Amino acid sequence: MESKTLLIMRHAKSSWSNATLSDWERPLNGRGREDAPQMGMLLKEEGLVPDLIISSTAVRARETAELVALGCDYEFEIQLEEDLYHADPDTYYEVVSATPDQIRSVLVVGHNPGIETFLSKVILRWQSMTTANLAQVDLALAEWRSFEEGIRGKLINFWQPKTLSR
């Protein structure tokens, strides 16, 4: 059976220092700007550079995706999806299942509570996702369009920046 790799990441730590910014506009803070490229370097070290990165359009998610891409030498466009901002799990399924089948691995960058609930539904057990956490899930799928709720993925790895050596 063919398989696909789904990488699920919550955006890195964002800044609350500017009260005039909307939630959508909040950028990463210093720690977030350190953690995101570190997670990208981890993907490169693990041989998991994604074929496609999909991100929420919110500033903190987009910055996370861009820094991860730099860290892992990702060479393609990042697919920005406005629907992933405050998305529920169904929206994540919808966005991921629209991926072209020649893509073997996808990294999706989003927000809580939706991304945490999405991961938990995919692996059929609760998994907390704090900022910049990254999950590697193996899916026994030949076609992304077959990916829907009820398709169980196997959690292969789960990384948190604070547990990685700096």
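In table form, for the structure just shown:
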| item | result |
| --- | --- |
| Given charges at beta-carbon only (K, R positive; D, E negative), |dipole| of the chain in Debye | 760 debye |
| Paramagnetic label zone (point 7 Å from Cα along Cα-to-C-beta, ARG31; backbone N under 14 Å) in the range 130-166 | 130-133, 160-164 |
| Pairwise label distance in nanometres, ALA140 with GLU45, each label 7 Å out on the Cα-Cβ vector | 3.2 nm |
| Stokes-Einstein diffusion coefficient of the chain, Kirkwood radius over Cα pairs, 10 °C, 1.306 mPa s, in µm²/s | 102 µm²/s |
| Portion, in percent, of the accessible area of the range 1-40 that falls on carbon or sulfur, probe 1.4 Å | 50 percent |
| Heavy-atom accessible area per residue - the chain, 1.4 Å, Å² | 49 Å² |
| GNM result for the chain, Cα springs below 10 Å: residue of ASN18, ASN29, ASN112 fluctuating most strongly | ASN18 |
| In degrees, nearest ten, helix 30-45 long axis to first principal axis of the chain (Cα) | 30 degrees |
| Computed helical MRE - 222 nm, the chain, DSSP H runs ≥ 4 contributing -39500 (n - 2.57), nearest 500 | -9000 deg cm²/dmol |
| For the range 79-166, radius of gyration divided by Kirkwood radius, i.e. Rg to Rh on alpha-carbons | 0.95 |
| SER15 accessible area, 1.4 Å probe, all protein chains in place, Å² to nearest 10 | 20 Å² |
| Stretch gain in nm, segment THR163-ALA19, where the contour uses 0.36 nm per residue and the Cα spacing is subtracted | 48.8 nm |
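The values are calculated or read from the model by the stated rules, or taken from the named source; none is laboratory data. This structure is a prediction, so every number in the text was calculated from the model and none was measured. Here the Cβ is made from the backbone with ideal geometry for all residues, glycine too, and neighbour counts use every protein chain on show. The accessibility values were calculated without ligands, DNA or RNA, using every heavy atom of the protein model including side chains. Shrake-Rupley method; radii C 1.70, N 1.55, O 1.52, S 1.80 Å.
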